[in-house]
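A quick write-up on the structure given underneath.
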Amino acid sequence: MTLPGQDPAPNKAGARRVTALVFAAQGTAVAAVSTTIPAVEERFGLPALATTAILLAVALAAGAGSLLGMAAVRRLGPVAAMRSCVLAVAAALLGIAWAPDTTVLVAAYVLFGLSVGGIDVSANTRAAAVERHYGHSIFASFYAVWSCAGVAAALLTAGTSRLNWPVADTLVIQAAVVVVLALGIRSHRLPGTTPGRASAAVGTRIWVRLVPFGIVLLVAYVIDSSVSTWSAAYLHETLAASLAAAPLAYAAYQAGTVLGRAGADRLVRRIGPVAVVCWATVLTAAAAAGLAFAPTWPIAAAAAGLTGLGVSAFAPLCLASAGRLQPDAAEAILARLNLFNYFGVIAGGAVSGVLGSAGQFRLAYAAPALLVLLLMATARSFTPVRTESGADERSNPMYWAGTT
């Protein structure tokens, strides 16, 4: 037990569990917001363009939150930063649920964006450090937890909608789940780390080497934002799905990412990150095209699941490789890399929203199907995990045993 004012004992396994809890909390919150968009629109009588503007504000706030998260990690440490951001996300969900008017609603969405941005930096920085101490690829496992939580939250939204519960009740339940997860975020320290370590300066060459990863994140999140944010509206408005059925595309998408991320670490160890990125690119392009031209909502939901399977490896592989460029300044590197993430969210969410409001949701999914093929050119930038001693993960006996 750690006494007040006492540094926690090194605990690699505990660090992994706590980081996974934070990813679960974020996945729950993001799914709660994404799958309740049609219901919130109906409750407040928002036109599609107003919703697009709100989601744009969320993405911009997340970019600012990413930089604030970097400062919080440096000042408070990763565990305290993660815990604070998760609690702020829960507060944002309650704000959306109980908003008496659109002004408070927008403020709650902005708080949500700031908090999610802070989680991105603090959780990904911690995940990169944990992976480095394990000495083999485990980064995708954190995103698998994120996706599992997203599936559960999406199914919860679908279930409460089928029972005709008010959207406010749904969001309150989701916020309660996030708070419960936050209670499990305990202090821990990785072996060989010193609390309060100052971040090192980042050289110009590192920023140049981030560009390929930034391109991958940008394209991946254009697709992710288009599917996550607007798939429920696409099914409801274009393919005549009910409000209870509309969230199932999001659930299928997240289920696809669960399957992809559950096997991504093992696949990376078997065939390497370059081959994984290439195969994922082909699958994502084909699945996004299927989503664009689906004749019925069940087929669209299945295509969304395959899209999730293909796109699932991009973010964890990008962030893991970027975090290895300069481990002693990972929070600064990941904070800036996350800006590409939010540009992708803005582009995907805004363009899809504008096209959707014009009745052209299909075009919003057809265009990214072509865009994703650009990622083939970036594949060689991805690198295998190196241990704390600097050895390639393939020299680690766990690599060959396939242990996670």
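The residues listed here are THR284, THR296; of these, the one that is polar (S, T, N, Q) and either under 22 Å from PHE213 (Cα atoms) or in contact with a Ser or Thr (Cβ under 7 Å, 6 or more places away or on another chain) (or both) is THR284. Residues that are of a type in the set (Phe, Trp, Tyr) and crowded, with 24+ Cβ neighbours inside 10 Å within the stretch 289-335 comprise just one, PHE314.
When THR284 is tested against (1) surrounded by fewer than 24 Cβ atoms within 10 Å (Cβ to Cβ); (2) polar (S, T, N, Q); (3) touching a helix residue (DSSP H, G or I) at 6+ places or on another chain (Cβ under 6 Å), exactly one condition is not met: (1). Scanning the stretch 67-89 for residues that are under 17 Å from the mean Cα position of the chain (by Cα) and of a type in the set (S, T, N, Q) yields a count of 0.
Looking at GLY390, GLY402, GLY359, just one residue is on the phi > 0 side of the Ramachandran plot, surrounded by fewer than 14 Cβ atoms within 10 Å (Cβ to Cβ), at pLDDT 55 or above and not aromatic (Phe, Trp, Tyr), and that residue is GLY359.
Screening VAL30 against (1) part of a loop (DSSP other than H, G, I, E, B); (2) β-branched (Val, Ile, Thr); (3) modelled with pLDDT of 90 or more leaves a single unmet condition, (1). Checked against (1) assigned to a helix (DSSP H, G or I); (2) in contact (Cβ under 8 Å) with a residue 12 or more places away in the chain, SER137 passes all but condition (1). Annotation note: Cβ proximity below 9 Å between a residue of the stretch 152-180 that is under 12 Å from THR36 (Cα atoms) and a residue that is of a type in the set (D, E, K, R) and in a helix (DSSP H, G or I) (sequence gap 6+ or interchain) occurs for THR160/ASP169; PRO166/ARG43; VAL167/GLU42; VAL167/ARG43; ALA168/ARG43. The set of residues in the stretch 255-295 being outside any helix (DSSP H, G or I) and either free of Cβ contacts under 8 Å to residues at least 12 places away in the same chain or over 28 Å from LEU156 (Cβ atoms) (or both) consists of GLY272, PHE293, PRO295.
Residues satisfying the criterion are absent from the stretch 225-233 (criterion: at pLDDT below 85, surrounded by fewer than 16 Cβ atoms within 10 Å (Cβ to Cβ), part of a helix (DSSP H, G or I) and out of contact with any Leu (no Cβ under 8 Å at 6 or more places or on another chain)). Test THR125 against the criterion of being within 21 Å of the chain's Cα centre (by Cα), within 18 Å of GLY344 (Cα to Cα), touching a residue at least 60 places away in the same chain (Cβ under 8 Å) and assigned to a helix (DSSP H, G or I), and give yes or no. In short, no. Number of residues in the stretch 248-272 that are touching a Leu at 6+ places or on another chain (Cβ under 8 Å) and surrounded by 24 or more Cβ atoms within 10 Å (Cβ to Cβ): the value is 8.
I need the full set of residues from the stretch 51-85 which are without any contact (Cβ under 8 Å) to a residue 12 or more places away in the chain and either farther than 30 Å from ARG17 by Cα or touching a Gly at 6+ places or on another chain (Cβ under 8 Å) (or both), in order please. Answer for the stretch 51-85, where residues must be without any contact (Cβ under 8 Å) to a residue 12 or more places away in the chain and either farther than 30 Å from ARG17 by Cα or touching a Gly at 6+ places or on another chain (Cβ under 8 Å) (or both): just ALA53.
Among the conditions (1) within 13 Å of ALA304 (Cα to Cα); (2) modelled with pLDDT under 85, ALA241 misses just one, which is (1). If you check LEU60, LEU94, LEU56 for being within 22 Å of VAL151 (Cα to Cα) and surrounded by fewer than 22 Cβ atoms within 10 Å (Cβ to Cβ), only one passes: LEU94.
Pick from the stretch 148-170 the residues that are under 23 Å from VAL258 (Cβ atoms) and not small (Gly, Ala, Ser): which of them is modelled with the highest pLDDT? Restricting to residues being under 23 Å from VAL258 (Cβ atoms) and not small (Gly, Ala, Ser), the top hit is THR170. LEU375 satisfies every condition listed in (1) modelled with pLDDT under 80; (2) in a helix (DSSP H, G or I) except (1). Being without any contact (Cβ under 8 Å) to a residue 24 or more places away in the chain, small (Gly, Ala, Ser), assigned to a helix (DSSP H, G or I) and over 26 Å from HIS133 (Cβ atoms), is that true of even one residue in the stretch 5-25? No: the stretch 5-25 contains no residue that is without any contact (Cβ under 8 Å) to a residue 24 or more places away in the chain, small (Gly, Ala, Ser), assigned to a helix (DSSP H, G or I) and over 26 Å from HIS133 (Cβ atoms). Evaluation of TYR109 against the conditions (1) crowded, with 24+ Cβ neighbours inside 10 Å; (2) of a type outside the set (D, E, K, R); (3) farther than 21 Å from GLN326 by Cα shows that the sole unmet condition is (1). When LEU114, LEU56, LEU60 are screened for being modelled with pLDDT of 90 or more and of a type outside the set (Asp, Glu), only LEU114 passes. Exactly one residue among ALA252, ALA300 is touching a helix residue (DSSP H, G or I) at 6+ places or on another chain (Cβ under 7 Å), without any contact (Cβ under 8 Å) to a residue 60 or more places away in the chain and part of a helix (DSSP H, G or I), and that residue is ALA252. Just one of (1) among the small types (Gly, Ala, Ser); (2) touching a residue at least 60 places away in the same chain (Cβ under 8 Å); (3) part of a helix (DSSP H, G or I) fails for GLY118. It is (2).
The values are calculated or read from the model by the stated rules, or taken from the named source; none is laboratory data. Remember, it's a predicted structure, so these values are computed and weren't measured experimentally. Positions of Cβ are backbone-derived with ideal geometry, glycine not excepted, and every protein chain shown enters the neighbour counts.
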